[in-house]
Amino acid sequence: MDFPFEFSKKQLESIEDVLNEELIELGVQSVVLIDLAGNVIVNLDNGRCQHDVYSLAALAAANFGAVSAMANIIGEEEFSLLFHKGESDSIHFSKIGTDLLLLTIFGKDVSLGFLRLKVNEANDRIRDLLL
Amino acid sequence: MALINPKKREVQVKIVYYGPGRGGKTTNLEYINEKFRSRIKSEMVTVKTYNDRTLFFDFLPFDIGMIKGYTIKVQFYTVPGQVKYNATRKLVLRGVDGIVFVADSMTLRQEMNIRSLENLAENLLSFNKNIETIPLVMQYNKRDLKTEGIPILPVEVMEKDLNTGLKAPYYTASAVNGENVAVTMKRIISMTVMSIREKLELGGSE
């Protein structure tokens with residue numbers, strides 16, 4: 001499988017708008033859209049984030065891939081929730097279509113439930129943009 | 001597949017160092033990490049076992065400057081070489097644009113080299129990629145062992161085992177001493193960037 005996506009400037013700007021409206025304005029620290037090879041497609045933050053995004057993307061893609069393989073081994077197609085909880089910051093993974101992964105880093109001031117709702121809305125809007 | 005970002009005018013290219021376990025893949029990246037510090041903005045990521053063998057992968061992002069108005073970011077990865085980690089190797093190979101095959105020159109490792117190369121070909125095929133067409137450089141590593149009295153394979157034998165059909169460029173090397181590590185790296189970068197130049201030219205007119 002090779003990745004079919006080639007993004008236009010307009011698409012990238014529209015994706016950024018969606019992620020800003022749905023997630024950054026919600027109060028998340030950082031949101032990164034990557035492909036499953038670990039490439040960073042869009043990277044937004046709240047202006048106070050200093051993460052090494054490229055390393056994070058590589059690890060996230062590999063992590064997600066490994067977890068998906070584990071799901072298959074136990075007979076699941078995939079896990080509906082992949083989320084790592086930290087003491088102050090957490091990271092949420094969400095697959096968009098078959099080839100993209102949305103990472104959201106958020107603090108205690110954002111509830112996981114509400115985040116998942118907004119991530120789903122962002123996913124739907126991004127999928128529509130890529131049709 | 002190389003990711004071209006027309007908004008940032010940036011290209012991300014994935015190069016994987018592949019080969020049998022303990023062959024020198026991680027050592028190559030460690031040398032690059034030390035020698036080219038000025039081009040590397042972050043620490044090398046390594047996921048290792050307790051006895052220092054790569055468990056998941058090593059990752060090193062590397063900026064090579066601009067080509068045709070695009071900033072080229074090379075993402076170097078290594079894979080775990082041990083036979084049991086094939087599922088992980090497949091994950092890491094996803095979206096690969098160029099490969100360095102690090103073969104172990106020790107005579108004892110002759111069969112492992114061949115099996116590892118066959119494994120690479122199979123894994124690439126599962127992504128509809130062909131080992132004969134993907135940018136590929138062979139590195140015959142650990143040539144320094146000869147001076148320590150450890151039997152190593154002649155280059156002609158390694159070429160016959162691994163490169164008869166592929167006819168990829170090859171370099172003898174000693175990654176632990178840095179010998180030909182940079183040359184290998186530069187060659188694979190050059191070949192990989194050449195392979196995507198058409199896309200860059202099309203993108204450049206946007």
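Read-outs: derived from the displayed coordinates by stated rules, not from any lab. Please read these numbers as outputs of a predicted model, since none were measured by experiment. Positions of Cβ are generated from backbone atoms using ideal geometry, with glycine treated the same way; all protein chains shown enter the neighbour counts.
Can you list which of the GluC sites (Glu not before Pro) found in region A:1-103 are DSSP loop residues with at most 10 other C-beta atoms within 10 Å?
Qualifying residues, ordered by number: A:Glu77, A:Glu87.
Can you give the average number of partner chain beta-carbon atoms within 10 Å of each beta-carbon in peptide A:51-60, as a whole number?
5
Could you give the distance between the Cα centres of region B:101-170 and region B:60-82, to the whole Å?
Cα centroid of region B:101-170 versus Cα centroid of region B:60-82: 22 Å apart.
Rounding to the nearest 20 debye, state how big the charge dipole of chain A is about its Cα centre with +1 on each Lys and Arg Cβ and -1 on each Asp and Glu Cβ.
That gives chain A a dipole magnitude of about 200 debye.
For chain A, state what percent of all Cα-Cα pairs lands in each successive 10 Å bin, counting from 0 Å until the bin that includes the largest distance.
Answer for chain A: a P(r) of 12, 46, 35, 7, 0 percent.
I need the peptides A:66-75, B:183-192, A:93-102 ranked by packing, meaning the mean over residues of other C-beta atoms within 10 angstrom, with the highest value on top.
B:183-192, A:93-102, A:66-75
Looking at A:Ser94, A:Asn20, B:Asn119, which one has the Cα that reaches farthest to the positive end of the dipole of the protein assembly as shown (charges on Cβ: Lys, Arg +1; Asp, Glu -1)?
It is B:Asn119, whose Cα lies furthest towards the positive end.
Write down the radius of gyration of region B:11-63 and its Dmax, each obtained from C-alpha positions, in Å.
Just the Cα atoms of region B:11-63 yield Rg and Dmax of 11.4, 36 Å.
Helix B:25-35 versus the longest principal axis of chain B: what is the Cα-based angle in degrees, 0 to 90, to the nearest 10?
Between the helix axis and the principal axis of chain B, the angle is about 60 degrees.
What does DSSP give for chain B in terms of the percent of beta bridges that are antiparallel, rounded to the nearest 5?
45 percent
Report the local net charge at A:Ala66: Lys and Arg +1, Asp and Glu -1, summed over other residues whose C-beta lies under 13 Å from its C-beta.
Result for the local shell: +2.
Given springs between every Cα pair under 10 Å in a Gaussian network model of chain B, which of B:Gly65, B:Gly19, B:Gly81 has the largest fluctuation?
Maximum fluctuation in the GNM of chain B, among the listed residues, is at B:Gly65.
Take peptide B:137-144, look around each residue's Cβ out to 10 angstrom, count Cβ atoms belonging to other protein chains, and average those counts.
Neighbouring Cβ atoms belonging to other protein chains average 0 per residue here.
Relative to the Cα centre, what is the charge dipole magnitude of chain B, using +1 at the beta carbon of each Lys and Arg, -1 at the beta carbon of each Asp and Glu, and rounding to the nearest 20 debye?
The calculation lands at about 520 debye.
Taking only Cα atoms and a 10 Å spring cutoff, compute GNM fluctuations for chain B and point out the largest among B:Tyr171, B:Tyr18, B:Tyr70.
B:Tyr70
Which helices of chain A meet both criteria: a Cα extent of 20 Å or more along the helical axis and a mean Kyte-Doolittle score no lower than 0.5, with helices taken as whole DSSP H segments?
A:53-73
Take the Cβ-Cβ distance between A:Leu117 and A:Asn46 as r, set R0 to 22 Å, and report the resulting FRET efficiency rounded to the nearest 0.05.
Plugging the Cβ-Cβ distance into 1/(1 + (r/R0)^6) gives 0.70.
Rounded to the nearest whole Å³, what is the per residue volume of the convex hull around the Cα atoms of chain B?
In chain B, the Cα convex hull volume per residue is 117 Å³.
Antiparallel DSSP bridges in the protein assembly as shown: what percent, to the nearest 5?
65 percent
Placing +1 at every Lys and Arg Cβ and -1 at every Asp and Glu Cβ, with all other atoms neutral, what dipole size does the protein assembly as shown have around its Cα centre, in debye to the nearest 20?
It comes to approximately 820 debye.
Over region B:96-206, what number does the Rg to Rh ratio reach, with both radii from the alpha-carbon atoms and Rh per Kirkwood?
For region B:96-206, the value is 1.04.
How big is the C-alpha Rg of the protein assembly as shown next to the rule-of-thumb value 2.2 N^0.38 Å, as a ratio?
Cα Rg divided by the expected 2.2 N^0.38 Å: 1.03.
Can you tell me the 0 to 90 degree angle between the C-alpha axis of helix B:110-126 and the longest principal axis of chain B, rounded to 10?
Helix B:110-126 sits roughly 30 degrees off the main axis of chain B.
Mind checking which of B:Gln12, B:Leu108, B:Val193 is farthest towards the positive end of chain B's charge dipole, using Cβ charges of +1 (Lys, Arg) and -1 (Asp, Glu) about the Cα centre?
With unit charges placed on the Cβ atoms, the residue in question is B:Gln12.
Helix-derived [θ] at 222 nm for chain A: sum -39500 (n - 2.57) over DSSP H runs of at least 4, divide by residue count, nearest 500?
Helices in chain A give a 222 nm mean residue ellipticity of -13000 deg cm²/dmol.
Order of A:109-117, B:119-127 by packing, highest average Cβ count within 10 Å first?
B:119-127, A:109-117
From the residues A:Phe106, B:Tyr85, B:Leu136, which one has its Cα farthest along the dipole of the protein assembly as shown in the positive direction, the dipole being from +1 and -1 charges on Cβ of Lys/Arg and Asp/Glu about the Cα centre?
Result: B:Leu136.
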